[in-house]
């Protein structure tokens, strides 16, 4: 296992990355504003269940195979991008309705969507391949250390993303009292999902290992 000093540095570096709003935060905020705190937390749980898949793949070396194959990387990237875009278009096509202070949402669907969105994000696999090895003791059990560090990152992410969900959900409760909120929320959340999908599709071409 990494030394206490190395592990502390990993925690600090992970927190520095997590507090900067990125695609995952935008996704959680969009779900929380429209559906409330519980909707956001369901999305967070889904996203980080997907993170478990990436941790297992990184420990088993599967992520390396995906990243090393331009075809596999592109397939995963474009399928994930398409899923986000479809979610956004579906939201944009939804007719406005009176949004209740405590909206009725399908938490199982939100949880499932979070899993799919994260599992089909190849940049998460790239992250675990590029970031975690910097803190792994190559003389120890590398797969075990990858799992330990990955679970640490997951735990920190659960906390920070949940805070975003709670904050955005609270803001959404106040916004839902406005008669213009349904239309604004529909276009905002739909546009965020479509934008994330497009960004996923066009972001950085695959780079072969050197």
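Which of the following residues is at pLDDT below 85 and out of contact with any helix residue (DSSP H, G or I) (no Cβ under 8 Å at 6 or more places or on another chain): 194, 180, 198, 136?
Values: 194 fails: out of contact with any helix residue (DSSP H, G or I) (no Cβ under 8 Å at 6 or more places or on another chain); 198 fails: out of contact with any helix residue (DSSP H, G or I) (no Cβ under 8 Å at 6 or more places or on another chain); 136 fails: out of contact with any helix residue (DSSP H, G or I) (no Cβ under 8 Å at 6 or more places or on another chain).
Only one candidate passes the filter, namely 180.
Across the range 26-50, the number of residues qualifying as within 30 Å of residue 142 (Cβ to Cβ) and surrounded by fewer than 23 Cβ atoms within 10 Å (Cβ to Cβ) comes to 4.
Modelled with pLDDT of 90 or more, out of contact with any strand residue (DSSP E or B) (no Cβ under 8 Å at 6 or more places or on another chain) and farther than 23 Å from residue 20 by Cβ: is that true of residue 186 in this structure? Judged against the criteria, residue 186 is not a match.
Every condition in (1) under 29 Å from residue 13 (Cβ atoms); (2) modelled with pLDDT of 85 or more holds for residue 109 except the one numbered (1).
Checked against the criterion of being modelled with pLDDT of 90 or more and either over 12 Å from the mean Cα position of the chain (by Cα) or part of a helix (DSSP H, G or I) (or both), the candidates 30, 59, 72, 39 yield just one match: 39. For the range 124-139, the set of residues classified as assigned to a helix (DSSP H, G or I) and surrounded by fewer than 18 Cβ atoms within 10 Å (Cβ to Cβ) consists of 127, 130, 131, 133, 134, listed by residue number.
What are the residues in the range 1-20 that are in a loop (DSSP other than H, G, I, E, B) and either in contact (Cβ under 8 Å) with a residue 40 or more places away in the chain or over 25 Å from residue 115 (Cα atoms) (or both), if any? Those that are in a loop (DSSP other than H, G, I, E, B) and either in contact (Cβ under 8 Å) with a residue 40 or more places away in the chain or over 25 Å from residue 115 (Cα atoms) (or both): 1, 2, 3, 19.
The values are calculated or read from the model by the stated rules, or taken from the named source; none is laboratory data. Bear in mind the structure is a predicted one, so any value in this text is a computation, not a measurement. We place every Cβ from the backbone using ideal geometry, glycine too, and count neighbours over all the protein chains shown.
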